[in-house]
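Structure first, then comments.
Since every read-out is calculated from the coordinates, none of them should be taken as a lab result. Since the structure is predicted, the reported quantities are computational estimates derived from the model, not experimental observations. Backbone-built Cβ (ideal geometry, glycine too); neighbour counts: all protein chains shown.
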Amino acid sequence: MKKRGLLALAAAVVAASAGSPAFAEGDPARGEKVFRKCKACHTVAQGAKHKVGPNLYGVIGRRAGAAEGYRRYSKGLKTAGFAWDAELLDRYLTSPRKMIEGGRMVFPGLKKARDRADVIAYLMRAAK
Ligand code: HEC
């Protein structure tokens, strides 16, 4: 993605989180525990291998369906045409296959808003 786009995205994330305290209050330490549910299929470290799902290192701000070297994306995710921000992740993690038609993430979703906010905070911290 171009730098300008990233900046606009960052601004949008800030704007979105200002109106929605759930994101701002995400607790990355608790999110690491929530992430245990994701670990069977995802790594989240620079250069780590892809598992059933793509390595989530740096996923926030990255175009959906674009982790380098991961070849099992569904068409739905590959052609989603957006870059992940906290708000989109919140929607996705609520019910992945409702958001992405034909999506391959076989995970029912995190029903609790707090779990989603915390795991998103963890993903943000993990990429620093
Ligand atoms: C059973 C395996 C599995 C579990 C459990 C799982 N995922 Fe996934 N995830 C996948 C697969 C497979 C994809 C690719 C989906 C597609 O292409 O439609 C994916 C895609 C994603 C993406 C989009 C990545 C990108 O590059 O666009 C995110 C973000 C994500 N998962 C987060 C999570 C989080 C957070 C959890 C835990 C709360 C989780 N996943 C649990 C298998 C899983």
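Do any of Lys37/Lys112; Lys37/Lys111; Lys37/Lys78; Lys33/Lys98 go past 18 Å between their Cα atoms, and which? Display every interim value, and only then the final one.
Details: Lys37/Lys112 13 Å; Lys37/Lys111 13 Å; Lys37/Lys78 23 Å; Lys33/Lys98 25 Å.
Beyond 18 Å between Cα atoms: Lys37/Lys78; Lys33/Lys98.
Counting other C-beta atoms within 10 Å, which of Lys37, Lys111 has the fewest, and how do the rest follow?
So the ranking, lowest neighbour count to highest, is Lys111, Lys37.
Could you give the length gained on full extension between Lys78 and Ala127, defined as 0.36 nm per residue of separation minus the Cα-Cα distance, in nm? Before the final figure, lay out the partial values.
Working: separation 49, 0.36 × 49 = 17.64 nm, distance 2.15 nm.
Contour length minus Cα-Cα distance gives 15.5 nm.
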Review point. So which aspartates and glutamates can Lys51 reach, going by Cα to Cα under 16 Å and dropping same-chain residues fewer than 8 places off?
Key: Glu68
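Suppose the chain between Ala113 and Glu25 were pulled fully straight at 0.36 nm per residue; how much longer would it get relative to their current alpha carbon spacing?
On the way: separation 88, 0.36 × 88 = 31.68 nm, distance 1.11 nm.
That works out to 30.6 nm of additional length.
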Revision key, fill the gap. Restricting to aspartates and glutamates and to Cα separations under 12 Å from Lys75, and discarding same-chain partners fewer than 8 apart, the set is Glu101
Exercise for review: For Ala83, enumerate residues with amide H under 5 Å from its amide H, sequence gap 5+ or separate chain, H modeled in the peptide plane.
Suggested key: Ala64
**Study point:** Length added when fully stretched, Lys33-Arg104, from 0.36 nm per residue minus Cα-Cα
**Key:** 23.2 nm
